[in-house]
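This report refers to the structure that appears directly beneath it.
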Amino acid sequence: MAGLSQIMGINRRNLELIYRHNPRSGFPVVDDKILTKEALSRARVPVPRTLRIVDSFLGARQAVEELERESSFVVKPARGSGGGGVLIAESLPEGGWRTPSGRRLDREQLLQHLGDILFGVYSLGRADDRALVEQRVVPHPFFREIYARGIADIRIILFKEQPLMAMMRIPTDASDGKANLHQGAMGVRLSLADGRTGQGVYRGQTVTRHPDTDAPISGRVLPFWSELLAHARAAARAMPLKYVGVDLVIDAGLGPLMLEVNARPGLQIQVINDAGLVPAVEGIQ
Amino acid sequence: MSRKGSLRLTIAVLLSLMAALVLYKVLVLGYTYPNLIPQASYSVQLSMSFTGIGEDLSVRTFLPVSDETQSIADELASAPALSFRREQTPLYVIGEWSRYNAEGPFQVLYSYSAQVRPARYELDPGLRIPDHYPKGFNQYLAASEAIQLDHPLLRELSARVRDPEHRARATLQAIYDYVSALGGRPFKGTTDAVTAAKLGEASCNGKSRLFIALARNNGIPARLVGGLILSPGTKRTSHQWLEAYVAGHWVPFDGLNSHFAELPDNYLALYRGDEALFTHSPNIGFDYRFSIQRRIVPNDRLAGFLGGHAFNLYQALSSFRRVNISLNLLKFLLMIPFGVLVVVVARNVIGLTTFGTFLPALMAVASRETGLVAGVAGFLIILAVTALVRIPLNKLGVLHTPKLAILMVAAILTMLGLTVLADIVRIDALASVGAVTLFPIAILTITAERISLSLEEDGWKKTGLTMFWTLLVMTVAYLMMESVALQALILAFPELFLGVVALNLWIGHWTGLRLLELLRFRSLYSGQRKE
């Protein structure tokens, strides 16, 4: 339970955190996944392996040919938002690919998708964009025990390099395998101290089990918690912004990987944690 | 000084400056509200078209004249190759356009601006119907072809509404109640008094004739009035109401639109008596329409008043005119900050999401000439067309920007098509829809594309909700900008803009929870999370 004054609203977040501590000049780095990855790599924060960066139509044709040799990969618009334009592909023995939802994809369709990304169809401001093709993450067994489809992720919000609040987002049938709260994923609160999971929130209801698999979600301890926190701090230090949300996943073989950094992290994390962000922010200031 | 402190100081300075200027004008210069209230003025254009077939040709219609309730100005007639004659009688003025051996198409444009004052009569309940009237009133008591008095049905009805004490007001009230209760009919054409009574429903002229028959049968002189209900848009419908002679006054009644001894400020009278609005030679393919625009104009006092005082926008009007900013455009511009303010409140205080930041305000501006309904309809039509056209484009696999360009072509053609269609089938409302959307078509198309994308990404529910909020905010912005009182105030007190800026500054540094966030985060403070 929190008092009204402890809740961070959009107006307050924008005025007191984003406008004041996140200079516009720092936005390009986090708004472009390729630039983010470069900055994170320099700070020695692990990220998924980049297979290819596509920045021209000629490059797109070449990429399609080379990608035939990869067993699976993910295509993302560098400046996409909200998961738009993200394509997960798995190669088929008879040639071509299929997506996790079972849709088949031939070379022309993959080329078209890359073309759309280059033209900025999915991108902030609809400007021209680049496509990032990277290795597909294999979720750690910890997540597969809870829900096998899709990839769960961990969001940590930091202010001046100090973690404020954390949550885990687990896909559901309703979210179609996506770890997006607005699309129906469940949020689970994470203790900053030890990475222990608390209650979950699914469609506005407090739950302790996954809605589809009935697996218990509370009281587990997330593996690699100290590494996850260390990577979050290192990423926050490497960014020219003071108030950020970082998204991490845990790969079965590679351990923690950082997917992206957000300059305007959402406020729903307060609902998941049943606590307002304001006291934590004031504690740091 | 802290950031917050300087903001507050700025707001305080702006508000004090505004208050000081307003008070100075009110207290020292004597600005008073009645002086400032502007009036609605309508500019009306009657357009008549017909084709001569080589024979003599004439077209006659009634022209409005100024009297105690309406003032007509700026009359302008344009009728190439036709001769014009103006004929005046005590009851009306007729304009006649004619030509000998006329061949080919002709067009007559007759335009004027009209201001109408609302009329309202208090009828003394004790007033009795006189037994005798001066001789000139016989025509208003006698039967005519369409106002039958001796028909048994009308005799019976007349007896039913009769007041035993012959009081004028009670009799008229009974007639009015009876006629008002009859069903309305939108159809055009003439209905006589007996037919209206038999059918139990009638259009304006049928109801009015029936009213007149019952009044005359009860000894109250009454006559038809023909004219226009002034409302923005294009129309072919004229209107008929009536006047009854009570205590030396011709008192208006309209049984169709529920006006008892009163008329609003948009009833323009063209003639009195049971007449047809147009008379013309046969077989000339006669057609007409009225295009009406509503404008808010300073009332006569305001012009004189503001012109004579300092510190208001009326003073600067001549400079605006020199650079081609008309008063109408000026008011347009002046009202935009208020429409935009509505959007700011909707987004930052309430927390509504709309398509496009200022699109709702922009759409409201675009709808001002033709009305809100046309604006919303235009928006929805563009949306539907865009959604349809993008289906094959997506199937073909067309890239974003060229796709947008094609959608825009489709939107433009739709709007032009609507306008042409409106002209052919003569649905006037349709023409307004076309007209309203021509202005912001590019913004509309881009928004429509974004809405279609949102439909694909977020589904019907979320898109529909955003759509609903967009239209709601647009409506509120429209009503705000249409406010005559606000328009008058801003002309007289342009310093109110300081207040608008102050309000935006205040909202701009307000860190409270938006109304919808109270809902979103209710589990955090209510302690009533559902288990």
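Within the range B:330-387, if we keep just the residues that are in a helix (DSSP H, G or I) and among the polar types (S, T, N, Q), the residue that is farthest from the chain's Cα centre (by Cα) turns out to be B:Asn348. For A:Gly85, state whether it is within 14 Å of chain B (Cβ to nearest Cβ) and part of a loop (DSSP other than H, G, I, E, B). When the stated conditions are applied, A:Gly85 passes them.
Matching residues to (1) in contact (Cβ under 8 Å) with a residue 40 or more places away in the chain; (2) assigned to a strand (DSSP E or B); (3) over 19 Å from A:Leu259 (Cβ atoms); (4) in contact with a His (Cβ under 7 Å, 6 or more places away or on another chain):
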position: A:Leu114; (1), (2), (3), (4): yes, no, yes, no
position: A:Ile157; (1), (2), (3), (4): yes, yes, no, no
position: A:Asp176; (1), (2), (3), (4): yes, no, no, no
position: A:Ala179; (1), (2), (3), (4): no, no, no, no
position: A:Gly187; (1), (2), (3), (4): yes, yes, no, no
position: A:Val201; (1), (2), (3), (4): yes, yes, yes, no
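Just one of the listed residues (A:Gly95, A:Gly102) is in a loop (DSSP other than H, G, I, E, B), touching a helix residue (DSSP H, G or I) at 6+ places or on another chain (Cβ under 9 Å) and away from chain B (no Cβ under 14 Å), and it is A:Gly95.
Among the residues that make up the range A:42-60, is at least one of them under 21 Å from A:Ala235 (Cβ atoms) and assigned to a helix (DSSP H, G or I)? Yes, that holds for at least one residue. When the range A:209-218 is filtered for residues that are touching a strand residue (DSSP E or B) at 6+ places or on another chain (Cβ under 6 Å) and not in a strand (DSSP E or B), the ones remaining, listed by number, are A:Pro211, A:Ile217, A:Ser218. If you check A:Gly245, A:Gly266, A:Gly276 for being within 14 Å of chain B (Cβ to nearest Cβ), of a type in the set (Gly, Ala, Ser), touching a strand residue (DSSP E or B) at 6+ places or on another chain (Cβ under 9 Å) and in contact (Cβ under 8 Å) with a residue 12 or more places away in the chain, only one passes: A:Gly266. Where strands (runs of 3 or more DSSP E) fall wholly inside the range B:170-271, no range has 3 or more residues that are at positive phi, of a type outside the set (Phe, Trp, Tyr) and surrounded by fewer than 24 Cβ atoms within 10 Å (Cβ to Cβ). Selection of the range B:275-292 for residues being crowded, with 16+ Cβ neighbours inside 10 Å and in a strand (DSSP E or B) yields B:His280, B:Tyr288, B:Arg289, B:Phe290, B:Ser291, B:Ile292. Out of the range A:189-199, which residues are in contact with a strand residue (DSSP E or B) (Cβ under 7 Å, 6 or more places away or on another chain) and in a loop (DSSP other than H, G, I, E, B)? Hits for the range A:189-199 are A:Ser191, A:Leu192, A:Asp194, A:Gly195.
Candidates in the range B:109-138 are the residues that are loosely packed, with under 10 Cβ neighbours inside 10 Å and in contact (Cβ under 8 Å) with a residue 60 or more places away in the chain; of these, the one that is nearest to B:Ser43 (Cα to Cα) is B:Glu122. The set of residues in the range A:159-174 being crowded, with 20+ Cβ neighbours inside 10 Å and assigned to a loop (DSSP other than H, G, I, E, B) consists of A:Pro171, A:Thr172.
Among the strands (runs of 3 or more DSSP E) confined to the range B:1-96, the ones with at least 2 residues that are surrounded by 13 or more Cβ atoms within 10 Å (Cβ to Cβ) and in contact (Cβ under 8 Å) with a residue 12 or more places away in the chain are located at B:39-63, B:70-78. For the range A:116-155, the candidate set comprises residues that are of a type in the set (Val, Ile, Thr) and in a loop (DSSP other than H, G, I, E, B); within that set, the residue that is surrounded by the most Cβ atoms within 10 Å (Cβ to Cβ) is A:Ile151. Suppose the filter is under 25 Å from the mean Cα position of the chain (by Cα), at pLDDT below 85 and exposed (fewer than 14 other Cβ atoms within 10 Å of the Cβ); does B:Val433 pass it? Considered against the rule, which asks whether it is under 25 Å from the mean Cα position of the chain (by Cα), at pLDDT below 85 and exposed (fewer than 14 other Cβ atoms within 10 Å of the Cβ), B:Val433 comes out as no.
For the range A:90-111, taking the residues that are without any contact (Cβ under 8 Å) to a residue 24 or more places away in the chain and among the aliphatic types (A, V, I, L, M), the one that is farthest from B:Ser454 (Cα to Cα) is identified as A:Leu92. Residues in the range A:5-36 that are more than 13 Å from A:Leu277 (Cβ to Cβ), at the interface with chain B (Cβ under 10 Å from one of its Cβ atoms) and among the hydrophobic types (A, V, I, L, M, F, W, C): A:Leu15 only. Within the range A:217-233, does at least one residue satisfy the condition of being surrounded by fewer than 21 Cβ atoms within 10 Å (Cβ to Cβ), within 14 Å of chain B (Cβ to nearest Cβ) and free of Cβ contacts under 8 Å to residues at least 60 places away in the same chain? The answer is yes, given that some residue of the range A:217-233 is surrounded by fewer than 21 Cβ atoms within 10 Å (Cβ to Cβ), within 14 Å of chain B (Cβ to nearest Cβ) and free of Cβ contacts under 8 Å to residues at least 60 places away in the same chain. Being of a type in the set (S, T, N, Q) and under 30 Å from B:Ser78 (Cα atoms) holds for only one residue in B:Gln107, B:Gln173, B:Gln148, and it is B:Gln107.
All of A:Asp153, A:Asp194 fail the test of being at pLDDT 90 or above, closer than 30 Å to B:Gly459 by Cα and acidic (Asp, Glu), apart from A:Asp153.
With (1) within 14 Å of chain B (Cβ to nearest Cβ); (2) crowded, with 16+ Cβ neighbours inside 10 Å as the list, and A:Pro48 as the residue in question, which single condition is left unmet? For A:Pro48, the failing item is (1). None of A:Glu70, A:Glu38 is without any contact (Cβ under 8 Å) to a residue 60 or more places away in the chain and either under 19 Å from the mean Cα position of the chain (by Cα) or part of a strand (DSSP E or B) (or both) except A:Glu38.
With a requirement of 2 or more residues that are within 14 Å of chain A (Cβ to nearest Cβ), the helices (runs of 4 or more DSSP H) lying completely within the range B:439-531 that satisfy it span B:441-482, B:496-508, B:515-520, B:522-526.
The values are calculated or read from the model by the stated rules, or taken from the named source; none is laboratory data. All of these numbers come straight from a predicted model, not from anything done at the bench. Please note: Cβ atoms are built from the backbone with ideal geometry, for glycine as well, and neighbour counts cover all protein chains shown.
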